[in-house]
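A short worksheet on the structure shown next.
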Amino acid sequence: MCVDLDYFYAQCEEVRNPSIKGKPVVVCVYSGRTEESGAVSTSNYVARNLGVKSGMPIAFAKKALSKYPEAVFLPMDNEYYDSISNQIMNNLRSKSSYFEQSSIDEAYLDITNESSGDYSKAYNLGKEIKAEILENENLTCSVGIGPNKLVSKMAVDSTKPDGLILISPEEVQVFLESFPIGKLFGIGPKTEEKLRSLGIETVGQLASFDRQVLAHHFGEKLGPQLQDSARGIDERPVREREVEQFSRIVTLKQNANSFNFQDVLRPLAKDLSDKLLAANLLCESIGIIAITSQLKTKTRVRKTGSLTSSESEILDVASSLFQSFFSDENLELGGVTIRRVGIRVASFVKNITDSKETNLRDFL
DNA sequence: AATACCGGCGAGT
DNA sequence: TCATACTCGCCGGTATT
């Protein structure tokens, strides 16, 4: 079962302030560059039907809604969305023995045991979950049920918003085959173009295409995996996975070919350090992210050799990486202008140094 | 020749 | 012109063993 909270951030805002229901609601990430610069995070269906889509520049959304003075533009309130998400996810987690939260507003439940493999029982459980989320949080969601994650995800996407749909194993082929190729989960604009150039336009055509040719064009892993998806085959287990990395990134006030490392990077390093401490983790890999004025992403990483969660160490490594990044880029003729910069930490190890290991040390 | 690491890219919310 | 902030996964190249 895939549970997907409908137009999540915008719906949270409707719950907080019901008077905006029925108006176009646009939740924005303001970059701080100018008054209005930034991107649309999400919007409610009223706004979507007027052409406002996730990822579009805020200025475009304003233009699209210029005839609707009642339109509401709101900044993201992550803490608020997190708290609602956590409430719901903790409840969902208790519903099945195997649970996986795949994003702030989406989760998979392997309810094979709970339903004894009976799809009609699964369907009823879906109904209950929808009713419960509505009751507890006053939020609508959509539920897709199928034999695996891929099918449940395709199912839920097809029924949004406020939907409930069941695709039984016998129905999978017919359900999937007529989708245009770009609608298959995992196929974005680039892959869609490549597939179309091979004459593949529907999921059904991908399902019966020459597997070797796909492997040749997309790689030995990705090619077969794309075809498996098209065939409704997906063996990925429903399991909560450990977070493997996290990052913080900001937009610079203006594009530049350098910036003040201390001022810009320290808050990022602090956030990452706080998060590592809160999760009781140490990282042994620190990296930087630079997004150029042409919106190309460039990265550098350093395996530090030591385990750390310290703000100053993260800051030092990141600064040093940016230093060499800019000198690298200068060698390659002219250098680059940078729009956004960030820091990433990865390669985590659980920190046993403070609580448990004190005992161990005492013991030794 | 296998494995590790790096940087880029693609996809998703 | 207008273009956020994340996370995860794969690919291909190069370095290491």
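The values are calculated or read from the model by the stated rules, or taken from the named source; none is laboratory data. Computed from a prediction, not measured in an experiment: that's the story for all the values here. Please note: Cβ atoms are built from the backbone with ideal geometry, for glycine as well, and neighbour counts cover all protein chains shown.
Each residue in region A:179-194 was checked for being under 20 Å from residue A:151 (Cβ atoms) and in contact (Cβ under 8 Å) with a residue 12 or more places away in the chain, and 9 of them qualify. What are the residues in region A:152-168 that are of a type in the set (A, V, I, L, M, F, W, C) and away from DNA strand B (no atom under 14 Å from the Cβ), if any? Listed by number, the residues that qualify are A:164, A:165, A:166, A:167. Among the residues of region A:57-95, those that are more than 16 Å from DNA strand C (Cβ to nearest atom) and free of Cβ contacts under 8 Å to residues at least 24 places away in the same chain comprise A:67, A:69, A:83, A:90, A:93, A:94.
Within region A:7-37, which residues are closer than 24 Å to residue A:88 by Cβ and either in contact with a strand residue (DSSP E or B) (Cβ under 6 Å, 6 or more places away or on another chain) or within 16 Å of DNA strand C (Cβ to nearest atom) (or both)?
Quick first cut of region A:7-37, residues closer than 24 Å to residue A:88 by Cβ only: A:7-22, A:25-29.
Listed by number, the residues that qualify are A:7, A:8, A:9, A:10, A:12, A:13, A:20, A:25, A:26, A:27, A:28, A:29.
Scanning region A:176-187 for residues that are within 16 Å of DNA strand C (Cβ to nearest atom) and either among the hydroxyl-bearing types (Ser, Thr, Tyr) or exposed (fewer than 15 other Cβ atoms within 10 Å of the Cβ) (or both) turns up at least one hit.
Each residue in region A:140-180 was checked for being part of a helix (DSSP H, G or I) and either under 18 Å from residue A:103 (Cα atoms) or in contact with a strand residue (DSSP E or B) (Cβ under 6 Å, 6 or more places away or on another chain) (or both), and 10 pass. In summary, residue A:218 fulfils each of the numbered conditions (1) modelled with pLDDT under 95; (2) more than 13 Å from DNA strand B (Cβ to nearest atom); (3) surrounded by 16 or more Cβ atoms within 10 Å (Cβ to Cβ); (4) not polar (S, T, N, Q) with the single exception of condition (2). Test residue A:228 against the stated conditions and say whether it is farther than 30 Å from residue A:12 by Cα, within 22 Å of the chain's Cα centre (by Cα), modelled with pLDDT of 95 or more and surrounded by 15 or more Cβ atoms within 10 Å (Cβ to Cβ). It is false that residue A:228 is farther than 30 Å from residue A:12 by Cα, within 22 Å of the chain's Cα centre (by Cα), modelled with pLDDT of 95 or more and surrounded by 15 or more Cβ atoms within 10 Å (Cβ to Cβ).
Just need a number here: residues in region A:231-254 that are surrounded by 17 or more Cβ atoms within 10 Å (Cβ to Cβ) and not aliphatic (A, V, I, L, M).
Matching residues across region A:231-254 total 6.
Sort through A:63, A:53, A:95 and tell me the only one that's within 16 Å of DNA strand B (Cβ to nearest atom) and either over 23 Å from the mean Cα position of the chain (by Cα) or part of a loop (DSSP other than H, G, I, E, B) (or both). Even if it seems obvious, please write down each step before you answer.
Numbers: A:63 fails: within 16 Å of DNA strand B (Cβ to nearest atom); A:95 fails: within 16 Å of DNA strand B (Cβ to nearest atom).
Every option except A:53 fails the conditions.
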